[in-house]
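Below: the structure, in structure tokens.
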């Protein structure tokens, strides 16, 4: 019998800027990370059952697993470990002493901004986009859209790209959602709001006159009218984000902000690229966020 055990690893201090919830529970494409991992592992195991049967695997809890990488690893019965490009262990096969396999596209979700890449990857490969709610006839979609039950889409909404919207949300009127964007359950995205390539977790409100690009917003965030994230450096280089005392290269040319669970911004708040606001923190009207704000 094949078994999978998840090894919880210590996460970078940057995670404190988003949430205290376990990483396995965080939604990517409105689906918990652990569910993504189990689906990939079980599918790869069934496809390579002759070589993987009876083995015990230890899976790093922060691993984003791509199906081709996991299948290639499991299909080699003597392979000991599946490694990320930087040499970090993502999966270890108990008792195996063979050579390691280096993944092509799988990676570790080390920081909150890595969720954006995982969301992009998942929505790009997702096959079934279903619409379980009614929407106004003026809705314009150039891409793929999933809508959960109980969600209302009001007039003037434009959607481009791969977008997943959860249950009991209110979207519109007159908003623009593009890129690979996931909106959780019970969210509100309203008048003259633009969302681009971002993740909004459950219960978050971006009511009106705001721009959120290449960002992650935790649960029950509320953005005051006119809140704007900047996501591009003038020199076009990758964004760096402060983790502890060091600036870490995010690997992203476009990166907005990380707003933790329960963050509230005052009206007309402006955020420099790559800034983090910790859970429960607030800004005053007209604030310019030049540095991270801790809880």
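The values are calculated or read from the model by the stated rules, or taken from the named source; none is laboratory data. These numbers were taken from a predicted model, which means no experiment stands behind them. Here Cβ is always computed from backbone atoms with ideal geometry, including for glycine, and neighbour counts include all displayed protein chains.
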May I ask you to verify whether residue 129 is part of a strand (DSSP E or B) and in contact with a strand residue (DSSP E or B) (Cβ under 6 Å, 6 or more places away or on another chain)? no
Any strands (runs of 3 or more DSSP E) falling wholly within the range 163-207 and containing at least 2 residues that are crowded, with 24+ Cβ neighbours inside 10 Å and at pLDDT 95 or above: 181-183
Checking the structure you have, find out if any residue of the range 119-128 is at pLDDT 95 or above, surrounded by 22 or more Cβ atoms within 10 Å (Cβ to Cβ) and closer than 22 Å to residue 40 by Cβ. yes
Determine which member of the set 145, 115 is touching a strand residue (DSSP E or B) at 6+ places or on another chain (Cβ under 7 Å), within 13 Å of residue 29 (Cα to Cα) and not in a strand (DSSP E or B). 115
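The rows are residues; the columns are (1) buried (at least 19 other Cβ atoms within 10 Å of the Cβ); (2) touching a residue at least 60 places away in the same chain (Cβ under 8 Å).
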| position | (1), (2) |
| --- | --- |
| 250 | yes, yes |
| 257 | yes, no |
| 261 | yes, yes |
| 265 | yes, no |
| 268 | no, no |
| 275 | yes, no |
| 279 | yes, yes |
| 284 | no, no |
| 288 | no, no |
Out of all the residues in the range 209-222, which are more than 16 Å from the chain's Cα centre (by Cα) and in a strand (DSSP E or B)? 211, 222
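Looking only at the range 89-107, which residues are crowded, with 17+ Cβ neighbours inside 10 Å and closer than 16 Å to residue 57 by Cβ?
Here is the first cut: in the range 89-107, the residues crowded, with 17+ Cβ neighbours inside 10 Å are 89-93, 96, 101, 103, 106-107.
Matches in the range 89-107: 89, 90, 91, 92, 93, 96, 101, 103, 106.
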Failed item, numbered, when residue 294 is tested on (1) assigned by TED's automatic domain parsing to the domain that holds residue 200; (2) touching a residue at least 24 places away in the same chain (Cβ under 8 Å): (1)
State yes or no: is residue 45 surrounded by 17 or more Cβ atoms within 10 Å (Cβ to Cβ), within 27 Å of residue 120 (Cα to Cα) and in contact (Cβ under 8 Å) with a residue 60 or more places away in the chain? no
Boolean, residue 148 is surrounded by 15 or more Cβ atoms within 10 Å (Cβ to Cβ) and either at pLDDT below 95 or at positive phi (or both): no
Would you confirm whether any residue within the range 223-244 is part of a strand (DSSP E or B), free of Cβ contacts under 8 Å to residues at least 40 places away in the same chain and not assigned by TED's automatic domain parsing to the domain that holds residue 22? yes
Quick check on residue 247: is it under 23 Å from residue 275 (Cα atoms), assigned to a strand (DSSP E or B) and under 19 Å from the mean Cα position of the chain (by Cα)? no
